[in-house]
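The values are calculated or read from the model by the stated rules, or taken from the named source; none is laboratory data. Please read all numbers here as calculations on a predicted model, not as lab measurements. For neighbour counting, all protein chains shown are included, and Cβ atoms are generated from backbone atoms with ideal geometry for every residue, glycine included.
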Amino acid sequence: MSSALLGRARIVGVVVAAAMLAGCGATERTLTPAVAPSSGGTAALGPPAPTVPADQLVGKWGLGAYHRDSDRPRTEKEARAQCSNPYVIAKGSKGGVIMNVADEKEPEELFLKTSGGKTYLGPPGPAPMAEDREMVSNDGRVMIMRFMDPDVIKRYGTSIYVRCGA
């Protein structure tokens, strides 16, 4: 799928999500920001803030991916070895983190959000969206995330991040 087509699909998804959220305005349910807004910034709407603060993701990580759970131990060792050329997660200007999105060259700011007791990382909007990743686990040293889009997970698998210098 081309980058332009994915960009259009993301815009359509955001518009649909916005329309769905607008319809929720008539209910008595109160939406709270999933990410504390910074001055002048906007936050993704959703349930209470995730248990993992975005600042905990910032830093240098060894990155690997696997398709079968039996490959996780080997992949974790390989990810640790990647610290010589780490994947850098930077702090975003609006309270999120700067990371690459599947199939996009340029990184963008992603936000932590929760839904149904699970934590997701993705663009602003309700969770889970196809562009989100579910945070399967994070103990501060090793973080495992799985893409929500079935096509993307077929190609990239489950991501494992090992903090460099930990």
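Regarding R74, is this residue under 10 Å from the mean Cα position of the chain (by Cα), at pLDDT 95 or above and outside any loop (DSSP other than H, G, I, E, B)?
no
Just need a number here: residues in the range 100-119 that are touching a residue at least 40 places away in the same chain (Cβ under 8 Å) and either surrounded by 18 or more Cβ atoms within 10 Å (Cβ to Cβ) or closer than 16 Å to C164 by Cα (or both). Working first, answer last.
Looking only at the range 100-119, we keep the residues that are touching a residue at least 40 places away in the same chain (Cβ under 8 Å), and these are 102-105, 111-115, 119.
Those left that are additionally either surrounded by 18 or more Cβ atoms within 10 Å (Cβ to Cβ) or closer than 16 Å to C164 by Cα (or both): 111-114, 119.
Number of matching residues: 5.
Using the structure shown, decide if L63 is at pLDDT 85 or above and touching a helix residue (DSSP H, G or I) at 6+ places or on another chain (Cβ under 8 Å).
Criteria met by L63.
Being part of a strand (DSSP E or B) and touching a residue at least 24 places away in the same chain (Cβ under 8 Å) is the filter; apply it to the range 145-166 and report the residue that is farthest from A81 (Cα to Cα).
Result: F147.
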